[in-house]
Amino acid sequence: MRMSVPLRRLRQAPRHLLVCEKSHARHARSRHAAHVRDHAYNCRVSFLIPECGILPEVLKSTIADVGEYYLLRNLSLHELVTHEFIDTFVKKGSCHALTYNTKIDQDNTAALLPTVITIDLMDPSFHPDSKKHKRVLWALKEKKPLEFDFLLAWYNTGAEGSTLMSYFPKNQIQTLKPKITFSTLRDLQCPVLQSNELQGKPEESCSTEELFEWLGAVLNQVSLDNKSFSFLSTYCCPQPNTIVEQAFLCTITGFIIPETIIQLLEKLCCYFDEPKLAHWLTLTVHGFADSPVSWRESEHGFHKGGENLYNFVVFRNLDYWLQMAVGTNDDCPP
Amino acid sequence: MRIVLLRVSPQQLVVTALRELHGEVGAALPVDVLTYEEKTLSAILRVTSSGLVKLWSALTLLGFYQNRRCAFRVLQTSPFLLALSGNSRELVLD
């Protein structure tokens, strides 16, 4: 019997992608830093360390140094392509900007990438007197100039000079610090994992997908101990698993640049320099739902959701799994 | 206007919604209530991807429960439970 078209549509769900790669953090060709660097707009970073009760010493300075970001109100888009802005910020570090409170499936959205951008501000032919520059400025200024609230962060590569606070009028710019929370989870069921068994091994280890779902359960405070006959929920921790007495969870929320995440990842790898009870730890990064790009310039959209996130599982021996997930209107992650 | 908050069984709510729109077969759709927070009246539900449209439509169109008006708002959906722990659309800046 063939199902009629309307009934078939009732059972369709939007497509999504979850890719996983495995490598070693000290391998010369490991692309872990490149993948982090290419994912420009991050709103939430969490790391979970089993068998750990407090913030490890090796991470203290990185957490203390998590950089500020800025909220710029009513900024005209053409201000980001003026030569003064380019020379002061774009060329002297990496500058990230993303429109704030714009929904990519409804509103205009703009973003400034630190590397190549749609209007290439680093292009030598884009000098103040060139036709190209004049045309771009005209397009952005003429008729109704586009104005947005922007979230902005600037990673200064050490050059002296102006700061964002002194560049923009005081009533237009506000400094914000990412919110950081810590918690210690008690008696946590954790999946047993083997770094070279991505599909899991029956009775011996869990798969990458099971780990990904388990981590979602932990970060959403879902009970891991439901029985199969439970009326409410049948979700339970994948098998095999062990119970750890404590696990440390840290969450950073705000406008977080890739450079911060790279430093965090490096320090999490250093955590295993000394012997530890933990067999693995995780670092999870959520992208902005309304970012126009996911990795590099891969298009990102919002169909029923705006997910673009990635998760590292770093093992004691510094093998790692990297899982990257995107939604429907997205190109495949690199 | 006085608003009365009921002690509701989230599972019962979901089954009722499914039955009203999709009948007995719809009501048999397995749905997990992964979390339920009474303070905010919010929950995380889990359903197979083939049941997403049925569940979403049933909840959206449920206007009354136990003779009282109600409304469901879907805040976020994702095939990844992990994605639900970070929603930039709810980002609050100080």
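What follows draws every value from the coordinates through simple rules; no lab data is involved. Small disclaimer: the values here were computed from a predicted structure and weren't measured. Cβ placement follows ideal geometry from the backbone for every residue including glycine, while neighbour counts extend to all protein chains displayed.
Do the alpha carbons of any pairs in A:Lys22/A:Lys267; A:Lys60/A:Lys276; A:Lys103/B:Lys39; A:Lys179/A:Lys267 sit beyond 22 Å of each other, and which pairs? A:Lys103/B:Lys39, as the Cα separations exceed 22 Å there. The ranking of A:Glu79, A:Glu84 from fewest to most other beta carbons within 10 Å of each one's beta carbon is A:Glu84, A:Glu79.
Got a sec? How would A:Tyr69, A:Tyr41, B:Tyr65 order by Cβ neighbour count within 10 Å, fewest to most?
B:Tyr65, A:Tyr69, A:Tyr41
Shown for A:Leu232, B:Leu13: other C-beta atoms within 10 Å of each C-beta, ranked fewest to most, produce the order A:Leu232, B:Leu13. For A:Asp225, put the label point 7 Å out on the Cα→Cβ axis and report which residues of the range A:170-192 keep their amide N under 19 Å from it. A:184-192, by backbone N distance to the label point.
All C-alpha to C-alpha distances of the range B:28-90, sorted into 5 Å bins beginning at zero, yield P(r) values of 3, 14, 23, 28, 21, 8, 3, 0 percent in whole numbers. Distance between the C-alpha centres of the range A:14-40 and the range A:177-203: 18 Å, rounded to the whole angstrom.
Which FRET efficiency value, to the nearest 0.05, do you get for A:Lys170 and A:Asn74 by plugging their Cβ-Cβ distance into 1/(1 + (r/R0)^6) with R0 = 22 Å? So the FRET efficiency works out to roughly 0.95.
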